[in-house]
1. Do any helices (runs of 4 or more DSSP H) entirely within region B:68-156 hold 1 or more residues that are touching a strand residue (DSSP E or B) at 6+ places or on another chain (Cβ under 7 Å), and if so, which?
2. Just give me the residues in region A:121-152 being surrounded by fewer than 24 Cβ atoms within 10 Å (Cβ to Cβ) and of a type in the set (A, V, I, L, M), in sequence order.
3. Between a residue in region A:134-156 that is within 12 Å of B:Arg81 (Cα to Cα) and any residue that is at pLDDT below 95 and not in a strand (DSSP E or B), which pairs come within a Cβ distance under 8 Å, given they are 6 or more apart or on different chains?
4. If you take the residues of region B:36-65 that are of a type in the set (Phe, Trp, Tyr) and outside any helix (DSSP H, G or I), which of them is farthest from the other protein chains (Cβ to nearest Cβ)?
5. Would you be able to tell me the number of residues in region A:220-262 that are more than 14 Å from every other protein chain (Cβ to nearest Cβ), among the hydroxyl-bearing types (Ser, Thr, Tyr) and surrounded by 13 or more Cβ atoms within 10 Å (Cβ to Cβ)?
6. Report, by residue number, each residue of region A:191-219 that is among the small types (Gly, Ala, Ser) and within 14 Å of chain B (Cβ to nearest Cβ).
7. Against the condition free of Cβ contacts under 8 Å to residues at least 60 places away in the same chain and either under 30 Å from A:Thr37 (Cβ atoms) or within 13 Å of chain A (Cβ to nearest Cβ) (or both), how does B:Phe83 come out, does it pass?
8. For B:Val33, are the conditions met, namely being in a loop (DSSP other than H, G, I, E, B) and modelled with pLDDT under 95?
Amino acid sequence: MLPQTIAEKILSKHVGKPVYAGELCVVPVDGAMATDTTGPLAIKAFREMGGERLANPERFHLIIDHAAPAPNERIANLHRMMRSFAEETGSHFYDIGSGICHQVMVDHHRVNPGEVFMGADSHTPTYGAVNALACGVGSTDLAAVMLTGKIWLKVPSSIRVNLHGHHLREGVSAKDIVLEVVKHITISGANYQSVEYHGELLHYLSLSDRMVLCNMVAEMGAKTGIVSPEGLQLPFNFEPVFADKEAVYTRVLDIEAETIHPRLAIPHSPDNIHDVSAYAGTPITYGFIGTCTNGRLQDLQSAAAILKNKKIPSGVRLVIAPASRQVLLDAMKDGTLQILIEAGASIINSGCGPCVGTHDGVPGDGEVVISAANRNFKGRMGNPRSDIYLASPATVAASVLYGRITVPNQSN
Amino acid sequence: MYGDNIDTDRIIPGKYTKTLDLSMLAAHVMEDVDPAFASRFQEGDLIVAGDNFGCGSSREQAPLALKTAQVSLVIARFFARIFFRNAINIGLPVLEVPHHSIQMGDEISFNLAEGKVVNHTRQEVYQATPLPPVMLNIMQEGGLVPYLKKYKDFIL
C-alpha cells in the first residue's frame, strides 16, 4: 500500500479499500449536523426526497445557534419547525443557549478521532482538532446524508503545514498562527484540499488551539483541516490516525512559531493579513469576542487578563458571546466573566451572535469593528457600510481598551 | 460581470438567509456586490465572474437566490467547493470556464452535457472544465432531490 495522508487513511478505512487523492468515492458518514441557517432547507429537501426516517438518528444533530433566541417571528417559526422535526425523528436537538454548533459537538464528544463528519456549516472542519475528517456541506447534501447515511466525495489532496518551535511570542495565540497560514495559502489556495497540521508545536497546543487552526481552513477554501494527533488529549481512549512518513503533499508550508507576531486581517477579506503593529492606532468603536473561532474559555481568559481592573472607555463597546453554555459556566466559575463585565463588556447569549449579521450587535454606518471571528467580508456583520478587522481575542481586548487597534503586550 | 472571490455574504447577506421564502432571497441577491443588480438584471441573463465565486459560508440560499432570480447560468474560472456542490444540488447551472473573452452584453448559449459555451456575439466557443459523471448526472436531473428520487443512491 502506498503511503497515505491522514485524510486518505480515514477515507480508506471508511470505504474499505485504499483510496488516494483525486479518487471519487461514496463514503459512510459517522455523524452529521445542521443549524438554524441550514437545517430548515435540509429538512425541506429531506422531505422532498421522500425521507421519513433518518438513516442514523443517534448521530444526527440539530442546533439553534445562528439566530438564537429568535429575533423575529419568521425565524421563530423556523426554530419551531426544527424542534418538531427533531422530536419526530429522534435526532439530537440543542435549543437556544446550548452554544455554537461546533463547540457543542466537541464539548459533548459528538465527533471522535478517525471519524467522517458532515456539517451543514462551512466551519465544520473545526473537528479536525480531534483528528476527524469533517467537511462543510450545504443543505441538500446534508439531506442526502440524513436519508442515506452516505455522501459522495473526491478524496482530497493535502497541504502539509509544519509548525516548528515550542513556544509563541508574548501576546501571540493560535489565532495569529492560523492568520499566518491563511496569509500564505490565501482564500482559495486550499480549494478542494485538506490542510494537515504537523510539527513539534502541536505538543504545546490545547484542544481549543487545535480548533482554531482547523476552523479557519474554511477561509482557505479547504474541504477539511486535520491536526496530527501528537499531544491530543481527550477524556477517553482513542485510536489516533497519523500520516505515513512518505505521504504525498501538494505543498509543504514551514512556519517557525517564534517568528509570528500578532496578526490582523484587514477589510474586506480574511486573507488580507498584516501585522497588528502596522495598523496600530486605527480608531475602532466596537470589539467582538466569540464565534466558533475564538469564543472559548481560554479566549475569554486572555481578554480578561488584559481587561482586569480596567474600564473600556466611553464611546467604545465590547460584545462577548461565549461559545457554549459550558464555556459560559466555566467562565462564571473561575471569575473571568466578572472581570469582563466589570470592565464594561456586554455578554450575550451563547451562539453565533453578531458574526452572521442577523442580530445581537450589527455595526452602524462607518463604524470600524475589531473582531475575533473568522470572516470580514463586506456586510458580514449585517452592515456593508462598516469595516471589520479580524484578530486574536487578546488584540481585540487591548484595542477596545484604547479605542484604537493595539498590539497586546504586558503594558496593556 | 464580476471579479474574483465574490463571497456568499455578498451574494445573499446573512440577515436574509433565515427563510424558506425564496422570493425574499431573490429580492436581495447580489445587492452588496452591485446595488443596481435588481434593476439591471433581466430573467435569463447569466453571471460571469472570476476566480473562487461563492467562497465563504455553506448557505445554499446563495445559489437558491440566484436560481430564483432566474439566473440562467453562472460562469467562473473556478468556484469555491461548497457553492459549486450546492449550485449543482439545487439545479442552478454552473460552469467553470478558465478561458473566455465574454464581454458585458454578449449573447451566450450553453450545453451542460458537453460543457460548451457559445458566444454568438463574438462567434467563439469556450470549453468548460469537465465534471465527474456523478455531478453531471445530478445537474442533468435538475438537482440532488430528483436525482435521489430516481436513482435512490449515488452512482459514481
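1. Helices (runs of 4 or more DSSP H) meeting the threshold: B:81-90, B:133-140.
2. A:Leu147, A:Ile151
3. Qualifying pairs under 8 Å: A:Lys154/B:Pro132.
4. B:Phe41
5. Here the count works out to 3.
6. Applying the first criterion (among the small types (Gly, Ala, Ser)) to region A:191-219 yields A:194, A:199, A:206, A:208, A:218.
Answer for region A:191-219, where residues must be among the small types (Gly, Ala, Ser) and within 14 Å of chain B (Cβ to nearest Cβ): A:Ser194, A:Ala218.
7. no
8. Values: in a loop (DSSP other than H, G, I, E, B): yes; modelled with pLDDT under 95: yes.
Considered against the rule, which asks whether it is in a loop (DSSP other than H, G, I, E, B) and modelled with pLDDT under 95, B:Val33 comes out as yes.
The values are calculated or read from the model by the stated rules, or taken from the named source; none is laboratory data. If you're wondering where the values come from, they're calculated on a predicted model, not measured in any experiment. Every residue, glycine among them, receives a Cβ derived from its backbone with ideal geometry; neighbour counts consider all protein chains shown.
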